[in-house]
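Here's the structure, in structure tokens; my notes come after.
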Amino acid sequence: MRLATIRHKGSTATVRVESDHSGVLVDGYASVGDLLKQDDWYKVAETANGEKVTFEEKDLDAVVPAPSKIVCVGLNYANHIKEMGRELPTYPTLFTKYPEALIGPYDDVQVPDYANSQLDWEGELAVIVGKYARRVKAADAEGYIAGYAVMNDYTMRDYQYRSVQWHQGKSFEKSAGFGPWMTTTDSFEFGGELATFLNGEKMQTTPTDDLVFKPADLIEYISHIYPLNPGDVIITGTPGGVGHARDPKRYIGNGDVVEVSIEGLGSIANKTVFE
């Protein structure tokens, strides 16, 4: 099952996606995040018989527009760790992104003039939490995952490397396309390709099961630090092929389009607009 948040009649609404441009409204829920707060959210969505609607790419909002937490994982694909000259980690490297960074899967990324000199691409798989998780064991973690989506995680490398903390380069306002929808766990299998394209040129590629720390490992680790709420998002890391690690380095320019595609989840594409 696929669930999306769409812009509808001056507000937003949750849709059970039936095709890439049509679905059925899940009445009473303004977003997928709101729906996930219901204990029986899956049944509610599966049995919804609301208005049939059509939508275009521009109508898609961030699939969860306002999660209470967005937890990012750095250095989690083996090939990216190696290209950055690091050893495989013993524990996940965590940092945070705020909801204000999220935009729709086809919205423009607006980049201020003071942060556009080292703009990099990072295609990532996002895990969406389906129920309250506190001190969960990895063996039980699958039951706490609602589904998966695609994240287009723009990174301002100059800001990122101003200090040893990465957060400031990873959470710029309206810099992360998120969607196109949530695909529930029973409709997705790991192992397909994650690929990132810059103006149609493939820059990153890896199988999604190349993660050092799998979603279950991350649920266990994070939920022993703080609880995770329904609708919270874990961004699992990016594969090798980022622009900053190339020789010579390569960055995103004004007007460039970054597309991220994950087999089984769909693709998203954001145009870069320098202010």
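Each reported figure results from applying straightforward, stated rules to the coordinates on display, with no laboratory input. Note that this is a predicted model, so its numbers are computed, not measured. With ideal geometry, Cβ positions are generated from the backbone for all residues, glycine too; neighbour counts draw on all protein chains shown.
Computed values, structure above
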read-out: Long-range HN-HN contacts of residue 31 with modeled amide H, under 5 Å; value: 14
read-out: By average C-beta atoms within 10 angstrom, highest first, the peptides 142-150, 198-206, 3-11; value: 142-150, 3-11, 198-206
read-out: Lys/Arg +1, Asp/Glu -1 at C-beta; segment 125-167 dipole; positive extreme among 154, 166, 136; value: 136
read-out: Above-threshold pairs, the threshold being 27 Å between Cα atoms, out of 170/202; 69/202; 43/170; value: 69/202; 43/170
read-out: Paramagnetic reach from residue 274 in segment 101-123 [backbone N under 17 Å; point 7 Å along Cα→Cβ]; value: 109-121
read-out: Residues residue 139 and residue 173, FRET efficiency given R0 of 41 Å [Cβ-Cβ distance, rounded to 0.05]; value: 0.60
read-out: Segment 94-158 versus segment 252-270: alpha-carbon centroid distance in Å; value: 14 Å
read-out: Under 17 Å from residue 58, Cα to Cα: lysines that are on another chain or at least 8 residues apart; value: 9, 174, 271
read-out: Packing-based ranking, highest mean first, of 225-232, 175-182, 236-243, 101-108 given that Cβ atoms within 10 Å are counted; value: 175-182, 236-243, 101-108, 225-232
